[in-house]
Amino acid sequence: MNETPKSSELKRRELLSFRLGAQEFCVDIMAVREIRGWTEATPLPHAPIYVRGMINLRGSILPIVDMGARLGIPVDDLATRRVIVVVWIGAKLVGLLVDAVCDILAVADDALQPTPELADATIQSYVSAVLTVEGRMICLIALTHLLPELDAVAA
């Protein structure tokens, strides 16, 4: 007999939500190493426009990606971006520059809805799912597709 599992039996995951302007996004908390305040980044020559530079994090050099620039979200004032979420993308540490960290969300897998079909392929490659929490629409960022040219920048 096929029974639908109860929501308490469904696999749950924790997501870290953050804000860019008026929009909210999230990443899987298992990819997050730490959250830290803004540190001025040293520019990288010929880096994509969304790579703000690099910082030294306790002996490790990591690129800083301005998530607003990467996702095409207009920014009125770059000074509002004051939080770096340090994440693992594959075997590389990368800093994601965001406006603010909002919350840790515990959600069941069935709460994650597919990206709307009207979205183009670029959006679908960055956003792996959408969820609604307390009336807010939050996009789950696909970290593995965020930086396809990371190897060229970090080399």
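The values are calculated or read from the model by the stated rules, or taken from the named source; none is laboratory data. Just so we're clear, the structure is a prediction, and the values are computed from it rather than from any experiment. Note that each Cβ is placed from the backbone with ideal geometry, even for glycine, and that neighbours are counted across all protein chains shown.
Would you check which residues across the range 22-41 are outside any strand (DSSP E or B), in contact (Cβ under 8 Å) with a residue 24 or more places away in the chain and loosely packed, with under 15 Cβ neighbours inside 10 Å and list them?
If the condition is that a residue be outside any strand (DSSP E or B), in contact (Cβ under 8 Å) with a residue 24 or more places away in the chain and loosely packed, with under 15 Cβ neighbours inside 10 Å, then THR39 is the only one that fits.
When VAL86 is evaluated against the numbered criteria (1) modelled with pLDDT of 90 or more; (2) assigned to a loop (DSSP other than H, G, I, E, B); (3) not polar (S, T, N, Q), which criterion, by number, is the only one it fails?
Just one mismatch for VAL86, condition (2).
Counting just the residues of the range 42-59 that are closer than 12 Å to VAL86 by Cβ and surrounded by 11 or more Cβ atoms within 10 Å (Cβ to Cβ), which one comes out modelled with the highest pLDDT?
The first filter runs over the range 42-59 and keeps only residues closer than 12 Å to VAL86 by Cβ, leaving 55, 57-58.
Pick out the ones that are also surrounded by 11 or more Cβ atoms within 10 Å (Cβ to Cβ) and you get 55, 57.
Numbers: ILE55: 95, LEU57: 91.
Filtering first and then ranking leaves ILE55.
Can you say whether GLU40 is farther than 27 Å from ALA129 by Cβ and acidic (Asp, Glu), as far as the supplied structure shows?
Numbers: farther than 27 Å from ALA129 by Cβ: yes; acidic (Asp, Glu): yes.
Yes: the conditions hold for GLU40.
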